[in-house]
Each structure stands twice: as structure tokens, then as C-alpha cells.
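Notes for the one structure printed next.
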Amino acid sequence: MAERAVDIIRGNVVESKAFADIAVVDSLGQIRYWLGDPQRQTFWRSSAKPFQALPVILSGAMDRYQFSGEDVAIICASHGGEPQHIRQVVSLLKRIDAGPGDLACGVHAPSHLPSARLLEKSGESPTTLHNNCSGKHTGMLTLARMLDAPLAGYEKPDHPVQQAIRRMVALMTDLHEPELVTATDGCSVPTFYLPLARMALAYARLVDPRGLPEDVQAGAGVISEAMRIHPYLISGEGRLEVSLAQATLNRFVAKGGAEAVFCLGIPERGMGIAIKMDDGSPRTIAPTLVHVLEEMDVLSARERMAVGQVVSLVTVNHRGLEVGRLEPVFHLQKGKL
């Protein structure tokens, strides 16, 4: 059962309470820290993107289509639809001889509000390129090319692209394929329903892939490095992945997902973290994650100060007046569960 994680305080009174389940797992699968129920099952949503991208890297697409680190990052992204994001997606689509019409992710306005306003002022309408998952879908189209499979229908569970992804998710989470429960994600591809501990294991293996097949080790290294170095392409201006990278000099591999899921890999410790806020609201993810890192004694004194500057716990109103704060109130359980 989820435990109380963050108090939302207005004035000096607790107005709301956020509950969470958290799993911290090493690359051998041992649960090292937890809060609530580390075996809680939930949908992985966009935090699964590195593992949906891994088969693309293993297919040989990097050589055939001359992938850069930026290309690798964008196929793992939940981007904000900012101009640089769109340029990166368009560049890759051209190289694989595909276009926006081949993307099955659907259309929405850029989630980055300045970019959405700029698009509106220009008189242009959003396209599939602006969908936050257009990079992931371009990666899936790339994999279809490498498999000599049809582009049409690549988003369907029985397509060779999704079957290859399913096999990779099973490997990285140490689950058997028949155990993988899926539903349809917001962008129309399968999303995986997993215990948090298995998500954390996958991130631990992403940053510490020892013991996995050699090609998977190499692919994991490519993806974790691209995500670590290019957080702006993974998410966008003002997002937690970027703020955390700025404060810690790109130490971590981080990726958020819808319904308040957030995962992170710690390369030097070979550990992965998976967080699920019980109410599905993202507003308390940042203080929860930072508190987890502090409880694990991962952050240096300099990093704690830097994180405090970019991950604010203060709540302000529409006039910019300080009216409250977010206060983490939990302690991680430690040791063998």
C-alpha cells in the first residue's frame, strides 16, 4: 500500500497529502530501498522508452542511418515539441525515407507552452511531429526498416517491431514474455504493466548491464550515455530530467512517464529507482525523487545546493507570492525486503 510521501502545505497547514510507492533495485535484482509496496504494479508508460529503443540500436540502425547521440536521445524522448526536437525527428525521418504521415502517434499541440503559442501565432496547426512520442515512433519506423517489415501497422502488438520490443522488455525486467501484461498507451503502442521493482531493475541494468548478452550491454551503454548527455532532447526546457542533469552535471539516466511514474538509473552504484505517485499527479515527483537521492546519500553537498536551486519546494500563486511549500515526510526502508 502506498505510503505518505509529500505534504502539500498552504500557509502552515497541510492542505493535501501525496502518497507513493518506491523501489530501488540493484542490477542483480536485489531490492535495496523501498517505500510502500515495491512490488506494486502499474503501467510503465513513457519511462519504458529506453527499452523500446534498445532493439533499434541492436538492429544495426546506428550504422546504416548514421545515428548521432542526439538521434538516440530523441527516440527515447517525451519531448516538448520545441523547434530543436522537431528538427531532430524530421532529420531522422528523412534518413529512413519516411514522413510525418507514417507516424501513428496522433496529433497534439506542443506540451512546451512557448512553442505551442509560437505555432498558433504562425497560423500553423500541430502535426504528428509535435506529439511528445514522435521520436519514439520514428525509432519504431527505423526498426521496421531494419526488419524489412511494413511501416503500416508498426504500432500493433503483433507487428515484428512490437514483438522485438516485447522480447527486450522481458529480458531487461527478468520476466517471461507470457507474464507481460499490456494495454494501449496514449500514443497507440503497447504499454507494459509491471511491478515497480522490475522497472527499477531494468534501469539498474541499463546503467550496469554486466551479465547481459554482449550486444545488449553495448546497446545499453549507447542509450544510457545518450540519455545522460542529452536530457534536453529527452524532455525539454524546465523539465525534471533537465533540471536534475543541470544540478548534478549529467550524473543520472532519468525518464518520466504519464500518471506520475518516474525512473532513474545511478551508473556509479548500478542501481535503478522507480517511483509511482499514487494520485497520478506529477506535482510531487520532483521533491519525492530528490528526497530519495538524499536518503540514499547519493548527492554531494554541492549537488544538494544545486538541486535546491532548480527543484523548488516553494509554492507560488499567480502573482508570484509564496503561499506554501511541498515537504517530503518519508524515510526509505533499507535492506533486504
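The values are calculated or read from the model by the stated rules, or taken from the named source; none is laboratory data. Everything numeric here is computed off the predicted structure, so don't read it as measured data. Quick reminder, even Gly has a Cβ in these numbers, built from the backbone with ideal geometry, and neighbours come from all protein chains shown.
Yes/no matrix, rows are residues, columns are (1) touching a residue at least 40 places away in the same chain (Cβ under 8 Å); (2) buried (at least 23 other Cβ atoms within 10 Å of the Cβ); (3) within 14 Å of the chain's Cα centre (by Cα):
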residue: ARG145; (1), (2), (3): yes, no, no
residue: LEU171; (1), (2), (3): yes, no, no
residue: THR184; (1), (2), (3): no, no, no
residue: ALA204; (1), (2), (3): yes, yes, yes
residue: VAL216; (1), (2), (3): yes, no, no
residue: ALA226; (1), (2), (3): yes, yes, yes
residue: SER235; (1), (2), (3): yes, yes, yes
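Residue-level check: of (1) free of Cβ contacts under 8 Å to residues at least 60 places away in the same chain; (2) small (Gly, Ala, Ser); (3) touching a Cys at 6+ places or on another chain (Cβ under 7 Å), SER47 misses just (1). Checking each residue in the range 283-337 for being in a loop (DSSP other than H, G, I, E, B), modelled with pLDDT of 95 or more and in contact with a Phe, Trp or Tyr (Cβ under 7 Å, 6 or more places away or on another chain) picks out MET296, LEU332.
For (1) surrounded by fewer than 17 Cβ atoms within 10 Å (Cβ to Cβ); (2) assigned to a helix (DSSP H, G or I); (3) not hydroxyl-bearing (Ser, Thr, Tyr), each residue gets a yes or a no:
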site: SER46; (1), (2), (3): no, yes, no
site: PRO55; (1), (2), (3): no, yes, yes
site: ASP63; (1), (2), (3): yes, yes, yes
site: ILE86; (1), (2), (3): no, yes, yes
site: SER91; (1), (2), (3): yes, yes, no
site: VAL107; (1), (2), (3): yes, no, yes
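When the range 279-329 is filtered for residues that are in contact with a Lys or Arg (Cβ under 8 Å, 6 or more places away or on another chain), crowded, with 19+ Cβ neighbours inside 10 Å and closer than 20 Å to ALA2 by Cβ, only LEU326 remains. Evaluating PRO150 against the criteria (1) part of a loop (DSSP other than H, G, I, E, B); (2) under 22 Å from GLY99 (Cβ atoms); (3) touching a residue at least 24 places away in the same chain (Cβ under 8 Å); (4) not aliphatic (A, V, I, L, M) leaves one unmet condition, (3).
Does at least one position in the range 111-132 carry a residue that is in a helix (DSSP H, G or I) and closer than 16 Å to ASP185 by Cα? Yes - at least one qualifying residue is present in the range 111-132. Tell me yes or no: at least one residue of the range 203-213 is in a strand (DSSP E or B) and within 18 Å of ALA53 (Cβ to Cβ). Looking for residues that are in a strand (DSSP E or B) and within 18 Å of ALA53 (Cβ to Cβ), one finds none in the range 203-213, hence no. Going by the conditions given, is ALA247 modelled with pLDDT of 95 or more, of a type in the set (Gly, Ala, Ser) and either under 24 Å from SER312 (Cβ atoms) or touching a Ser or Thr at 6+ places or on another chain (Cβ under 9 Å) (or both)? Against the criterion (modelled with pLDDT of 95 or more, of a type in the set (Gly, Ala, Ser) and either under 24 Å from SER312 (Cβ atoms) or touching a Ser or Thr at 6+ places or on another chain (Cβ under 9 Å) (or both)), ALA247 qualifies. Selection of the range 12-30 for residues being under 30 Å from GLY324 (Cα atoms), at pLDDT 95 or above and not in a strand (DSSP E or B) yields an empty set.
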